[in-house]
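Everything below concerns the one structure shown next.
Every read-out reported here was derived from the displayed coordinates using simple, explicitly stated rules and does not represent laboratory data. For clarity, every value in this text was computed on a predicted model and none was experimentally measured. As a convention, Cβ positions derive from the backbone with ideal geometry for all residues, glycine included, and neighbour counts pool all protein chains shown.
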Amino acid sequence: MRQCICRRGLSRAFAEATGTTPLKYQQELRMSHAEALLSTTDRSIDEIAAACGYTDTRHFRRLFGARHRISPATYRTVIRQH
C-alpha cells in the first residue's frame, strides 16, 4: 500500500526533526558551499552563485550580505588574509 504525504506535512516533519525549515536548510548548505568556493577558488561571484544553485546573482549577493554583513568579494578578501 502506497502512502503519500503532502508538502506541508513533509515540511512540518522536517522542521520537527531538524529544528529548521527545508528552505533555511537548503540556504545554509548553499551558503556553506559558497563560503568554501570563495575561500579556495578564484572563480567569479557569478560562477560561484551558479555553482551553489542560484540563478539570480543579485539574489545570491543579497542573501550572502544578509548572512555575513559583507559582500562575497569582501568576504573572499578578508578570509584569504587570515
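At a glance:
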{"read-out": "3J(HN,Hα) from dihedral phi, the range 6-15, Karplus parametrisation 6.51/-1.76/1.60, rounded to Hz, x for glycine, proline", "value": "6, 4, 5, x, 5, 4, 5, 5, 4, 4"}
{"read-out": "For the range 69-82, Karplus couplings with θ = phi - 60° (6.51, -1.76, 1.60), whole Hz, Gly/Pro x", "value": "6, 9, 6, x, 5, 5, 4, 4, 4, 5, 5, 7, 7, 9"}
{"read-out": "Filtered trypsin sites (Lys or Arg not before Pro), the range 27-82: DSSP coil and at most 15 other beta carbons within 10 Å", "value": "R43, R69"}
{"read-out": "Local electrostatic count at R67 - Lys and Arg +1, Asp and Glu -1, tallied over other residues with Cβ under 14 Å", "value": "+3"}
{"read-out": "Integer Hz, Karplus 6.51/-1.76/1.60 couplings in order for the range 49-62, x for Gly and Pro", "value": "4, 5, 5, 9, x, 9, 8, 10, 4, 4, 5, 4, 4, 5"}
{"read-out": "Magnitude of the charge dipole, the chain, Cβ model with Lys/Arg +1 and Asp/Glu -1, debye to 20", "value": "320 debye"}
{"read-out": "Options S71, Q27, C6, ranked by Cα towards positive dipole end of the chain, top entry (Cβ charges)", "value": "C6"}
